[in-house]
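Just so it is clear, none of the values below were taken in a lab; they were calculated from the coordinates. Fair warning: this is a prediction, and the values are worked out from it, not measured in the lab. Please note: Cβ atoms are built from the backbone with ideal geometry, for glycine as well, and neighbour counts cover all protein chains shown.
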Amino acid sequence: MTMNLIEVKENVFHLHNGLISYILSVENGGLLAHLYFGKYVNQYHGERHYPRMDRSHSGNLPGATDRLFSKDTLLQEYSGNNTGDNRLPACVIRTANGARTVDFRYVGYQIINGKPNISGLPHAYVENDQEAQTLVVTMRDATIDAKLVLYYTIYRDRPVITRHVELKNESSSSFSIEKIASMQMDLPKQNLDVISLPGSYARERQIERQPLRRGLTQFESQRGSSSHHMNPFVALVAPNTNEFDGEALGVMLVYSGNHQMSLESDQVHQTRLMAGISDYNFDWQLAEGATFAAPEVLMTYTDHGLNGMSQAFHSLLRERVATSKHKLTDRPIVINNWEATYFDFNTAKLKQIIDSAASCNIEMFVLDDGWFGHRDNDKTSLGDWFVNTKKLPGGLEEVADYTHDKGMQFGLWFEPECISEDSDLYRQHPDYVLGVPNRGRTISRDEYVLDFSRPEVVDNIYQQMTKILDHVSVDYIKWDFNRNLTEVFSNTVTPEHEGETTHRYVLGLYSLMEKLTKRYPDILFEGCSGGGGRFDAGIMYYMPQSWPSDNNDPIERLKIQYGTSLAYPISAITAHVGTSPDELLGRYTSMDMRGAVAASGTLGYELDTSKLAKEDTDKIREQVSFYKQHRHLIQYGNFYRLESPFESNHVAWMFVSPDQNEVLLFNFVVLSQIQNDFHLTKLIGLDANKQYTDTESQMQFGGDELMNVGLYDQPIQSSDFSADIRYFIVKNK
Ligand code: DGJ
């Protein structure tokens, strides 16, 4: 008999799976209270209740005589607005009379096997109904006549809870949703640090950690996309949590548009955590009878430190968020022509790159920006997805066939959401662009954004793309997006619906991704947004890998890849060897250093292999062969961060095969030091009882020895920016 994952006893719901427990209850007045999320509790008797106290200035429920119970301090699962809880609301509804009062009360629950899909939005899924159970709690605001449905899914074998909500208008007139969080959880008083992933173009996902103080701490994107600026992810951790030990609660939104993660420490030091679509420029008219589905939140709990949290996200995203048939396949080693040629290429030049890449045993050639319309620079032709026959007289077919004849795969770049003023599409349909009449439009990289909230605009791009993809044999698509949304305004809706445009844009984007990935299931899609401006779980649902940054400098990449790995799996993080000096930074680094950092992700090349000296192409051949040997371990093994580039001159990480028989250890030194200290690395995640052989020195080590006694690094500091890779195997398994 399979274990039941959800127990219900006297209005207390306990979701548990032997790894984690999540407990909520129905409190006085039908309020939904949060009791616990953390390590699995086997013997939960439900005796603990929220303490009662008459607190001044914290009001009581309407009509209540009980002054000991207040919404204002109760730990809740989903708060209303302007009805006695003075903390941040989860939901704000504006009714026709102008009131912004919301008060949801419990109605009932249902338990279902498996996990329901969320129509039109990416989400985690199950492969069979035994994998998870879902608690569906219904609440209602009787005055507005609105039904709120909260979904809680617990997976059987993962320390993961997923949550989302749906709001249905059951009244006879429409109302406006000004805010709708996907989840809320109020935590009892405790000291907490919050970790976020802020950044900028070319400096994405830099780890920041700060203690939570009273007041509001908010991590948000108002850029129309999940953004370089702030990733839709936070971790709440105990102050003593490090990479290896301690409690960590991870929260990730499966969404690629404006997002908001809020943490409010209240007057009695309780912490309200909320995640969802940002309320910035958001105002959704919900017609009578209509339902709004908010995006999903993935929540993990571990007491195995940040590595434990990351590993829970990595396997969930790889196995139950990514839908591509490539989600678990070894990813090809790519050569991309962008930094080799920029816009200045023709068929002959591309063939030279393809020839030289083929001779280095690289597996895929990607033709980046500049193959369409008359795009000789970034001022023109976005929106005109037909081949530039001046550059490529034999069409894309000639390049694709040539690539395939060399035994390589062929990939192609698109930026489907954007449009240049100098384009046929713009000349025919100027109204297809997001913008407010009689107001200038912000131009960014000389491009505008198409109004993807309109199905006919999405369809135009779909038709253009399928025309290419039905005729050219394309194995891979790089989906770029090189600016943010501004002047968000759709030309076809009535004024009261304008506040829906930003979210409808994202829904339009998802509909295009859905149609294309379904129509071309063999194509490997890679997300990109001016580097890593849209690296999120929503994109990962459609595209199992993403370009994390235009910054190929290996020293900067240490941070970008380290930070990205906090939330996202290595198979999803592409990493290319660029030139030295680096194109953006001008830093000189060795081929070995660049190779070691790029081989720590999904490897590729971003340089002109046809112009390299023989010693460099020899090195590339070596790197490619090394990577092919270890690719599966790197892309799908258990990844452990050991030493952080944010804290140390010495950086280390490692990969362990699921059977613990193979280990790859990477050590990096940023700046070399005179009379440096000896550096000891202690490994993690090995089988203590196995014997590991260092394949280079043939020295033997016990698993417990490597994890407890550790290893001195080989002397790798003869110059700045050095790397060392060690490979250990268990010989007699
Ligand atoms: C930004 C991407 O991040 C680059 O890799 C490249 O594709 C350019 N756009 C092309 O315009």
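Values as computed for the structure displayed
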| quantity | calculated |
| --- | --- |
| Lys, Arg +1 and Asp, Glu -1 on Cβ, resulting dipole of region 166-303 about Cα centre, debye, nearest 20 | 340 |
| Sparsely packed GluC sites (Glu not before Pro) within region 1-77, loop by DSSP, other Cβ within 10 Å at most 12 | 10, 47 |
| Relative contact order for region 6-320, counting Cα pairs under 8 Å that sit 6 or more residues apart, in percent | 16 |
| For region 473-487, 3J(HN,Hα) per residue [Karplus equation, 6.51 cos²θ - 1.76 cosθ + 1.60, θ = phi - 60°, Hz, x = Gly/Pro] | 7, 10, 9, 8, 10, 9, 9, 9, 7, 9, 7, 10, 7, 9, 6 |
| Region 156-220 - percent relative contact order, Cα under 8 Å, separation 6 or more | 22 |
| Alpha-carbon centroids, region 686-704 and region 567-625: separation in whole Å | 29 |
| Order by protection proxy (mean Cβ within 10 Å, highest first), peptides 246-258, 158-170 | 246-258, 158-170 |
| Long pairs among 628/731; 147/515; 349/614, criterion Cα-Cα beyond 24 Å | 147/515 |
| Neighbour-limited loop hits for trypsin sites (Lys or Arg not before Pro), region 563-612 (at most 14 other Cβ within 10 Å; DSSP other than H, G, I, E, B) | 587 |
| Per-residue Cβ neighbour rank within 10 angstrom, fewest leading, 53, 654 | 53, 654 |
| The chain: relative contact order as a whole-number percent, Cα under 8 Å and 6+ apart | 10 |
| Ascending count of other beta-carbon atoms within 10 Å, so fewest first, for 721, 244 | 244, 721 |
| Phi-based couplings in Hz for region 178-190 (Karplus 6.51, -1.76, 1.60; Gly and Pro marked x) | 8, 7, 8, 6, 7, 8, 9, 8, 9, 9, x, 4, 6 |
| Cα-centre dipole for region 396-545 with unit charges at Cβ (Lys and Arg positive, Asp and Glu negative), debye to 20 | 300 |
| D (Stokes-Einstein, µm²/s), Kirkwood Cα radius, region 617-733, 0.890 mPa s at 25 °C | 164 |
| Charge dipole of the chain about the Cα centre (unit charges at C-beta), most positive-ward option of 352, 41, 466 | 41 |
| Per-residue ³J(HN,Hα) for region 228-233, Karplus 6.51 cos²θ - 1.76 cosθ + 1.60, θ = phi - 60°, Hz, x for Gly and Pro | 5, 5, 8, 6, x, 8 |
| Cα gyration tensor category, rounded, prolate or oblate, for region 314-378 with a/c compared to 1.5 | oblate |
| Per-residue [θ]222 nm for the chain (sum of -39500 (n - 2.57) over DSSP H runs n ≥ 4, rounded to 500) | -5500 deg cm²/dmol |
| Share of pairwise Cα separations in the chain, more than 43 Å, in percent | 29 |
| Cβ-based exposure ranking for 177, 560, in which fewest neighbours within 10 Å come first | 177, 560 |
